[in-house]
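Written below as structure tokens is the structure these notes are about.
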Amino acid sequence: MKVFFVVDIKDGKVVAGKSGEREKYPPISSVSGVVNSDDAVEVVEEIKPRFLYTADLDRIMGKGNNSDVLLKLSTRVEELIADCGFRKPEELENLPFTPVVGTETFDITQLDRKCYVSIDLKEKFLDASGKFRSWKEAVEFLNSLSLEGIIVLPIHAVGTMKTDFSILERALEISEHPVLLGGGISGIEDLERLKEMGCSGVLIATAIHKGRIPVSLVRKGGF
């Protein structure tokens, strides 16, 4: 199972995500037991993850972008995948990383290239297309496309260290693509359960910063 370290970037700095309340995210240094800086490049250089997932919160919220930071990060890890609040297919061209297309901002029925698709949930399914009755219907549609994988992302679980296994279990049943989970990972026991369920990858941040999962795991990049 692939392990991605997560960096959420806002105003050029790393912040600690929790429950999707993006305006309230504090600097990562205020909650982390493993890094002292809020600078994205410095955080990644200190953690040294093999695989990195980044969310450009400014672009997701339509308030600017951190493309220069992402370019620097792409040279410091083996693989960078990033959700930059993509809204149009042409935004996915010529990127120095693998794009993550979030259903919160992108009409996935317009997708025309291989990437990751993030199934964004915040108590309910966030569907920019307005064309699906449920997230399950969206996953079924995605089976018709060539993808790197789908990411089940219950935004309300981010930073809580409480994993919603039920959504993931249903996604694994429906999806014909690799399924990854982001949000709510609390420790090694969660990782063991996810691996046993057949999850292909996991996105982790809070459990690393809180010392519940060793930094060595994201440096290895697998579990």
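The values are calculated or read from the model by the stated rules, or taken from the named source; none is laboratory data. Here the structure is a predicted model, which means the values were calculated and not measured. Reconstructed Cβ throughout: ideal geometry from the backbone, glycine too, with neighbour counts over all protein chains shown. For accessibility, only protein heavy atoms count, side chains too; no ligands or nucleic acids. Shrake-Rupley method; radii C 1.70, N 1.55, O 1.52, S 1.80 Å.
Worth pointing out:
- Test: Ile28 is within 30 Å of Gly198 (Cα to Cα) and crowded, with 16+ Cβ neighbours inside 10 Å: no
- Condition check for Val101: free of Cβ contacts under 8 Å to residues at least 24 places away in the same chain, closer than 14 Å to Val139 by Cα and in contact with a strand residue (DSSP E or B) (Cβ under 9 Å, 6 or more places away or on another chain): yes
- Some residue of region 75-92 being free of Cβ contacts under 8 Å to residues at least 40 places away in the same chain and among the aromatic types (Phe, Trp, Tyr): yes
- Test: Lys48 is without any contact (Cβ under 8 Å) to a residue 40 or more places away in the chain and exposed (fewer than 14 other Cβ atoms within 10 Å of the Cβ): no
- Applying the condition of being part of a strand (DSSP E or B) and among the hydrophobic types (A, V, I, L, M, F, W, C) to region 10-41 and asking which residue is farthest from Leu52 (Cα to Cα) yields Val15.
- Residue within region 75-89 that is of a type in the set (A, V, I, L, M), open to solvent by less than 10 Å² (accessible area, probe 1.4 Å) and in a helix (DSSP H, G or I) present: no
- Unmet requirement for Gly62, which otherwise passes all of (1) assigned to a loop (DSSP other than H, G, I, E, B); (2) open to solvent by 10 Å² or more (accessible area, probe 1.4 Å); (3) under 25 Å from Ser216 (Cα atoms): (3)
- Residue under evaluation Val7, criteria (1) of a type outside the set (S, T, N, Q); (2) in contact with a Ser or Thr (Cβ under 7 Å, 6 or more places away or on another chain); (3) surrounded by fewer than 22 Cβ atoms within 10 Å (Cβ to Cβ); (4) within 19 Å of Gly184 (Cβ to Cβ), criterion not met: (3)
- With respect to the conditions (1) surrounded by fewer than 17 Cβ atoms within 10 Å (Cβ to Cβ); (2) closer than 24 Å to Pro26 by Cα, Leu121 lacks only one, and its number is (1).
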